[in-house]
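Contents: one structure, followed by commentary.
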């Protein structure tokens, strides 16, 4: 093989490794700037570390907020009584599938969600694990979890116990955004169905470099109901640019 070609292929491999963080023993590591999960892991979803623009409540406008010490879990709904650790108020409410934007990456379409976590910035407390993520589509916005049908997406479906490691210290603080999640879309889904996003944090107790339980304020999920974005060229390197200018009211068509 030509020596220049060998050098080129080695360089490409290094770039792909830098931008794509494959799961290791079920864990996807998003604790470095711009880290992106391998789309072949996590049942087809893509997770990206996001250093978003200011997204504090009122700007961020979440559809569900969770808060508890240690392990926390919950989902969005219209009820006055939480089932788990959801916080009551205008920032926990029902959501129609049609309110969730579609992002097309290559020839695959995804529904886009943004997550803002709130942990301490100490070495021991800055990490948080996202241990469960499930998406349900139902015909009512005030159901309890026992009434849900089978999830249309499950982070842990099929291939074991997957989880996402997040680092609160990568951003300026609460309200700055931390992760974008791209969930594979299905064209047969109805935009008039109610979407429930169930998530659970803090189960992985201790990572190698700190405690990953919840120890501070709200974890918040939001969507940006803006026009569809098309990213025409797939690939791990190009995924490094996803989310720049997408969430926070700056959604626009991009050519990468």
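The numbers here are math on the coordinates, done by the rules we state, and not lab data. Worth saying up front: this structure is predicted, and the values here are computed from it rather than measured. Don't worry about glycine lacking a Cβ; one is built from the backbone with ideal geometry, like all the others, and counts go over all protein chains shown.
Multiplying the residue separation of residue 38 and residue 120 by 0.36 nm and subtracting their alpha-carbon distance yields 26.7 nm. Calculated FRET efficiency, residue 139 to residue 51, Cβ-Cβ distance, R0 = 45 Å: about 0.75 to the nearest 0.05.
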